[in-house]
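Derivation of every value follows stated rules applied to the coordinates shown; laboratory data play no part. Just so you know, these numbers come straight off a predicted model, no measurement behind them. Counting neighbours? That spans all protein chains shown, and the Cβs are built from the backbone with ideal geometry, glycine included.
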Amino acid sequence: MTTSALPSASTEGTDAERGFLAAFDALRRRVTFAQSGRVRAEAAAARRRRDPGGVDLEDRPLSAGGQPLPVVRVLLPESGEHESAVLARELRDHCGNRPAAALPAPERRGTGAEAEDPHRAVAERARAARRAELRGFDPVWAALYDVKEQLARPEATPGSTWARRDPEPPRFPHLESLLTLVEIAHRVSPEELAPESEDAENPQAPAGSGHDERMRLRLTVAERIRRPAGPHGRRMDGRPASRAGEIWHGRVLDPFARRVFATVSKPFAFLDERMLAPASWAVNVLLVLGVAGAAGLDSVLSVLVLLVLVGYHLLAAFSWHLPWASYRWLRRRWPPFARELAAATEQAAGRPVEDGEFRDRAVLLIQACQALRSGSEELRGRLRCLAVNAFLDDLAAAYRRRNWLEAGGRDHYPVLAVDMSAPEGAELAEVIERVRRTTGWPDPLVLVAIGGHGADAAAPQDTPGDASACTLGARLRSWALRRGTVARLGPARYVPVALGAGELAALRGGLRPPGSGEKISSRRARFVTGSVVTAAIVLVLALVAGLLIAVGASRSDCWWGRRLLEHDVWQSAATGSCVGVTAGGFVFNERLASVQRRIAEQNEAAVRSGDYVDIVYFGALSVPDATQQNDLLGGVHGELVGLAIAQHEHNSTFHQRAPMVRLLLANAGPAYGDAVAVAERVVRRAGRDPRVLGVVGIGESREPTRQAIGVFTAAGLPMVATTVTFDDIALVGDASSDIFYPLAPSNGMIARHAASWAWHGTGELEPARTAVALADVSAGDLYGGDLAERFIEEFGAIGGEGTVRAYGRPEDPSLGAVVRELCRDAPDVLYFSGRSDQFAEVMSLLDGSDQCASGMEIIANDDIAKYVADNLDQLDLYHPTLELYYTPLAASSARARARDMEPSSFYERFDALGGELGWAGPDEGDSRQRQERPSVAHAVMAYDALMVVSLAARQAQESQLDSAEHPVTDLRLALTQVDGYAGVSGLIDLAGPAERAEESADGAAPGNWQRDRLVQLVLAGPGGGQEVVAVCGVLTSNNEATDDDCPPQE
């Protein structure tokens, strides 16, 4: 409900407030936006039946009531009754350049410019003729027209400039459309709107169908709406034709519109509902294009057909829809008293009429105006109410709060001062109140009814109390305070005030002279000011945003701007790195950008297909130190490349048999420092999205990694690990996770084979009797210390002697100190079980020590695969002084050792993808480019991991009876059925017995380690290449690559 400003009680004791004019000005002053907020809050509290917070209703600046405002009934002394019309005009002049009207309407005081303008004189004569025509139709309609003209065309005040002007007057489109229909009713004979008949004996029998008759009436009225009423382009609303725009309308546009209307209106009327509906329009265009394409027509002809269709629709809309545009309001603003208009018109006219959509209602109004000639008072009353309702509706729309540019300057409500002794004024005031009581709709009109005297017994019956008991301000406050407790329209519609002779004289002494009023900022000035302010705000925001971006980008690679679209990515408080989950759009490290873009593109294709599942890659996609990224990121880089190859193969080859795969990349932080938090985020995402089916990756044996495996296990997300090898990595509580499937051999298996090769010797590797194992025992690292201890234990069990030299803890010596110490008493074999980024220091120290260089062999673990790939040229220089053997998880030449086997095509696809994404080949580019080449061994393991998931997804989809309708939602059972898959890294058998090298000391159940996983011993360096010197395990189901000197399986 819109609120109004009524007089405040805070100034009740002042002389100004006691005066009539002060209360009158307060009543018509529009409530500001800030003030209306308080009133709305109090009204909301009242609706909730709550105390509005101890607000003193007597002291608030606004009334608690709303629109419509009460009617101020001014009772004059008996000696001043003849002055009612004069006082009405004086109140109108007192409002100055704010909207106000008086009845009877005073003569308009034109300025000198208006008097000298002949076109304005012509327009005034046209308005006078229109007023006379309406007075012959109905006096109330004529009075309403006078009010509308006074409000819409206020008298201009001098001193207007481009920046300061008079307030913008309200417009009355709804009332103007009704006035146009009244004029059409006078110009159209009743026979033109009467039903056509072919039966001369029964004129009431319609000739055609009801639809045909309605279309004929609509066309007749629409043609009259489009037809100008006067010469030289003058339209029925009396607008002058002197301006260029009116000449264009009258002499060019209207004739063209009439010709178009005559051509297309009738056929279009029957196709209206089907041809111009938005959905049908799209169907028609597609139909034309489809027919043209199917017929093999020329493209130019197709375009011409389409242009003809578009042109027809535009012309039809121009001639059929535009004339009715101003009557669409009849569809939604059809008041209660107009709903029986059709019955009253039928009774008065003696023929049936239609009351359907807004076009039918416009025709009905014309028929009602013509039927009014029969003298039906019921019909006259309904038409009056309809016109007044349109008038009040226009005022409400004009004073509805919109943007500051459109509604600026309307700071006072419109005023209508009515002399109640004039019949048309009294009747109009009575109709206005009748409409308000019937509809209850708000409107901003301030109605002042002037007439009668203090002892008049004919005062309205709802006048509360004695009119002379108090001032107008006090009575308005009393009315406002009681309004909310009585009804929507208030306790009484009339608030009377009696003016004595002295008060009337004082009132006239306080009136403002005609032509007064404060100027406001023009629309043009507000637009310029607003544009400048908006541009300044945008510039400041742009500068602030640029500053934040610059500062954020300079301080961290993980500034907030890059994470705006990635809700599952955040900055780790512990490491400062970006961690979380992304579909490829967020780049955690620039080295990974190219392969992440490829994965993101393939993800988008999967999403577009609509049939896809999510597989999460869980790894360390960021490093703590940029100088270590070549060694630490080489493995992750390789795993992403292998995943990209496997994703492309699955989505392009197997998408008909299983859903496509979208890869989600989960960065667990440097050294998996945020593994638990990221795993929990993945689990929450899986809880929201049933498409998340499993996890691949988990490539490092660390304590946070084991905890993350526990989180995934509790959530039921199966895991296929790539390069993790710690035997108890999946230990959750007292048992190993049954849904964790490692593809790499365990530490126990690797240590047993490495110890056997070291003791027995193989190829160029001489038998050793003493050994030292270098172990990285940094906090949280489960890999290095366990592998070193298992190697020394296995080597000692065979008969050798060995010891473990640890580094990485605060109390341990540095790696350099350990190497220099063991060089003083060099063993036969040095076994390295640290990380790849540490191995370069070891080789540099060994190369600089002659004592170590004599006769000591080096065997390293699988983690140095990236170092070997990046430094083959340097290793060739070390050979044969320093011979480096290591146990990679995958090597291309291992397949060639098997009988009738060629190297896998995976390596060709790896090199091809490298050419597309821009990394150098093994013999290409400079040293820096070769160092940024991804690890092939890690790529193989990640490729096999995702292909195992792909196989499980296909098997799960095929096992469903209704596989075409229900996507895969669980891979746990399907993974246990993966049997005999020939991966690039060797035979993968998840359905066989789950065993590991040995059980843990506490007797926990073994994890899902595979018995026959491939273990290799590779010599790195000779000739700048690598040579496989020993292979143990099964490569495929038909090719066993086990050598004779492999240790027996346990």
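Using r as the Cβ-Cβ distance of residue 811 and residue 972, and R0 as 45 Å, what FRET efficiency do you calculate, to the nearest 0.05? Mind showing how you got there, number by number?
On the way: r = 44 Å, r/R0 = 0.97.
Once the sixth-power term is evaluated, E becomes 0.55.
Using mean Cβ contacts within 10 Å as the protection proxy, how do 164-177, 635-648 order, highest first?
635-648, 164-177
List the relative contact order of the range 747-897 as a percent without decimals, with contacts defined as Cα pairs under 8 Å and 6+ residues apart.
For the range 747-897, the relative contact order is 21 percent.
Once both labels are modelled 7 Å past Cα along the beta-carbon direction, what's the residue 531-residue 107 spacing in nm?
So the two model labels end up 4.5 nm from each other.
What is the distance, in nm, between label points placed 7 Å from the Cα along the Cα-to-Cβ direction at residue 911 and at residue 1027?
Distance between the two pseudo-spin positions: 2.1 nm.
Where does the charge balance sit around residue 814 when Lys and Arg score +1, Asp and Glu -1, over other residues with C-beta under 14 Å from its C-beta?
-2
Fully extended, how many nm does the chain gain between residue 847 and residue 574 (0.36 nm per residue separation, minus their Cα-Cα distance)?
Working it through step by step, the gained length comes to 94.5 nm.
Mind checking the full-extension length gain between residue 187 and residue 326? Use 0.36 nm per residue of separation minus the Cα-Cα distance, one decimal, nm. If you can, show how the numbers build up before the last one.
On the way: separation 139, 0.36 × 139 = 50.04 nm, distance 1.96 nm.
In short, 48.1 nm is gained.
Points 7 angstrom from Cα along the Cβ direction at residue 506 and residue 714: gap in nanometres?
Between residue 506 and residue 714, the label points sit 8.3 nm apart.
Taking the alpha carbon gyration tensor of the range 747-897, what are the square roots of 5 times its eigenvalues, largest first, to the nearest whole Å?
Those come to 20, 18, 17 Å.
Rounded to the nearest 0.05, what FRET efficiency do residue 959 and residue 597 have when you use their Cβ-Cβ distance and R0 = 45 Å?
Between residue 959 and residue 597 the formula returns 0.80.
What's the FRET efficiency of residue 518 with residue 86 using the Cβ-Cβ distance as r and R₀ = 30 Å, to the nearest 0.05?
For R0 = 30 Å, the calculated efficiency reads 0.75.
What chymotrypsin sites (Phe, Trp or Tyr not before Pro) in the range 759-826 are in a loop by DSSP, with at most 13 other Cβ atoms within 10 Å of the Cβ? Before the final figure, lay out the partial values.
Values: sites: 759, 783, 791, 795, 807; in loops: none.
Taking the range 759-826 and a limit of 13 other Cβ atoms within 10 Å, no loop chymotrypsin sites (Phe, Trp or Tyr not before Pro) are found.
Mind ordering 722-731, 532-541, 768-777, 818-827 by average Cβ neighbours within 10 Å, highest first?
Sorting 722-731, 532-541, 768-777, 818-827 by mean packing, highest first, produces 722-731, 768-777, 818-827, 532-541.
Would you please put 431-439, 568-576 in order of how densely packed they are, using the mean number of other Cβ atoms within 10 angstrom per residue and starting with the highest?
Working: 431-439: 19.6, 568-576: 16.1.
Highest to lowest by the protection proxy: 431-439, 568-576.
Note down the net charge around residue 707, summing +1 for each Lys or Arg and -1 for each Asp or Glu among other residues with Cβ under 15 Å from its Cβ.
With Lys, Arg at +1 and Asp, Glu at -1, the neighbours total -3.
At 0.36 nm per residue, minus the direct Cα-Cα distance, what do residue 434 and residue 991 gain on full extension? Give it in nm, one decimal, please. Don't skip to the answer; put the middle values down first.
Numbers: separation 557, 0.36 × 557 = 200.52 nm, distance 8.72 nm.
This chain segment gains 191.8 nm when fully extended.
If we restrict to alpha carbons, what Rg and Dmax does the range 691-770 come to, in Å?
Both quantities, over Cα of the range 691-770: 16.4, 55 Å.
Along the Cα-to-Cβ line of residue 441, 7 Å from the Cα, sits a label point; which residues in the range 372-398 have backbone N less than 13 Å from it?
Within reach of a label on residue 441, which here means backbone N under 13 Å from a point 7 Å along Cα→Cβ, the range 372-398 contributes 385-398.
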